Structure formats: structure tokens, C-alpha cells
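Peer 1: Structure in C-alpha cells, see below.
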Amino acid sequence: MATRRSAEEPAFVLHRYDWSESSLILEVFSRREGRIALVAKGVKRPTSQFRPVLLPLQPLLLSWGGDAEVRTLKSAQWQGGHVMPTGEALLSGSYLNELLMRLLARDDPHPGLFDHYEMAVQLLADRGDAQQLVLRAFELLLLREVGFLSDLGQEGSSLAALDPQANYLLVPESGLRLAQPEEAHSLTGAQWLALQRAMRSDDAFIATLRACAPALPALRTQLRTLLHYHCGVRVFKTRQLMLDVQAMRRLPELDALPNPPL
């Protein structure tokens, strides 16, 4: 059987961990093959040409070969286009990586989602003030791509069309339901319908970004509930890290800071 090879495939490193004294295992999100595992042999040596390249949140061109579940990295080069996000934006990018690690199966291609991720990372690097919008848009598109987002144009149980003036909550497994008067963090039917149209448009990421803007606080709470449910976690590691960093600062002005984007 011929060895499978991929050459200069657009990809991002999601996670990396030690495999031996000199090598790493990489969890990679590639455009044509989805999430895959690669062994980068000798990459930890000071003389390795891969050492300064194989970093998360950097657009790369990777080549690899092999038929095993963990394939062998052959070459890596920076694709260019933007620098790595820094500061709080770096944590936001790490959060996106955590979502992909938890929700994507290996060897399951998602080229459209890869394009959304690439744009999200670039916006985090270029527009640190838009982190919340970027995260909410990507969360929606990711949930839709993996089949965990119900139809946002109808009620989940009755399949009735949404009333644009009524308020609805997004519930795991059940979809949208009418919100009770005392329930906060709901969105109007008009807002859910706008999100549905945006995700189906040709320029889905930018359109979804804009549709999220009027509904950020409520959308953040509902998407967090949905993601916790489907990922099986009470808190994401990257969010906990951000909260820990904020707590360590112990500054009087901490209460005046905006809510973290995660």
C-alpha cells in the first residue's frame, strides 16, 4: 500500500505535547483533512528548523506522510498574513483551539469551518477590541457545523415559526423555546432569525459577526450553556486561566474592567 502524503497543506497547530526528549506530538487543524495528529521528530533540538515555526494561532503550510493514526511531519513553514494574537486575545485564540479539540473528531474534514477559524484568528490578532464578537460568531458557526445547533427559525418542540416580537431561550437538545417573563438572557425572535440568515449567507463569518452585535450579553450566556453541555465540562480551561489571571492582579480598578470575552 502506498504511503499517504499531504504537501503544503494550510493548517494550524491546536495543541502540542511532549513525545520524547526531542520530539512533539502535534494536534493540527488542516483545511482538507480536518483535525489530525502529527509527530514532529527532533523539533525540540535547538538546531531544528521547525522549532520557531510550530506555534499555535499561526497560519502554516505543513507536509506529512504515513498511514498510522499519528503521521510524521515532513516540513513546515509560516504562511504569513498576520502575527500571533497577544495578551487577552491570545487566551481567546487558545479558547477557540480548546473548542476544536473537544468538538471535532479526527480525520473529519471541515474546510468551511477552517476558513471561519482562519478569519477568527486574524481578527483576534488585528482587532483586539472585537474579541467578544469574534468568539460568539465562531461558537455559533462551530456548533452549526458539528450538528449541535438547532434550527434558529422555529421553536424546537412545536416547530412553529418564531414570533419576531417574542423572547426565546436556546436549550440543549430541545432548541428554542419561549422564555418566561422572569427568565433573563433571552433573545427576540427577530434576533434569532437574523442569526439564522447570517449563518446561511455567502460571507457567513462577517455576517454572523454583525448579527451578534445587538445580542452579545444574552448570546454569550446561552452559548456557554450549550457548549458546556456538549463538551461535558463545567468550565473551560482557558476561561479558568483568564479568571485566575484577573484574580492575581488584585488591583482596585479590577471591578471597572469590562467582562472577559470568554
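The values are calculated or read from the model by the stated rules, or taken from the named source; none is laboratory data. These numbers come from a predicted model, not from an experiment. For neighbour counting, all protein chains shown are included, and Cβ atoms are generated from backbone atoms with ideal geometry for every residue, glycine included. The area values use the complete protein model at the heavy-atom level, side chains included, leaving out ligands, DNA and RNA. Shrake-Rupley method; radii C 1.70, N 1.55, O 1.52, S 1.80 Å.
Peer 1: Under 12 Å from the Cα of LYS74, which aspartates and glutamates turn up, not counting those fewer than eight places away in the same chain?
Peer 2: Within reach: GLU8, GLU9.
Peer 1: By average Cβ neighbour count within 10 Å, what is the ranking of 203-209, 160-166 from highest down?
Peer 2: Put in order of decreasing packing, that is 203-209, 160-166.
Peer 1: Share of the chain's accessible area from carbon and sulfur, percent, 1.4 Å?
Peer 2: Roughly 51 percent of what the probe reaches on the chain is carbon or sulfur.
Peer 1: Starting from the Cα gyration tensor of the range 43-142, take the square roots of the eigenvalues, sort them a ≥ b ≥ c, and report rounded, prolate or oblate (rounded when a/c is under 1.5, otherwise prolate if a/b is larger than b/c, else oblate).
Peer 2: oblate
Peer 1: Could I ask something else about it? Ordered by packing density, taken as the mean number of other Cβ atoms within 10 Å over each peptide's residues, highest first, how do 120-132, 43-55 rank?
Peer 2: 120-132, 43-55
Peer 1: Also, I was wondering about something else. Using a Förster distance of 30 Å, how high is the FRET efficiency between GLN49 and CYS231, based on the Cβ-Cβ distance and rounded to 0.05?
Peer 2: 0.25
Peer 1: What translational diffusion coefficient, in µm²/s and rounded to a whole number, does the Stokes-Einstein relation yield for the chain at 25 °C and a viscosity of 0.890 mPa s, taking the hydrodynamic radius as the Kirkwood radius over Cα pairs?
Peer 2: This corresponds to a translational diffusion coefficient of 124 µm²/s.
Peer 1: Counting only heavy atoms of the protein chains, get the accessible area per residue of the chain (1.4 Å probe) and round it to a whole Å² value.
Peer 2: Per-residue accessible area for the chain comes out at 50 Å².
Peer 1: Let me spell out the model: positive unit charges on the Cβ of Lys and Arg, negative unit charges on the Cβ of Asp and Glu, origin at the Cα centre of the chain. What dipole size does that give, in debye rounded to 20?
Peer 2: 740 debye
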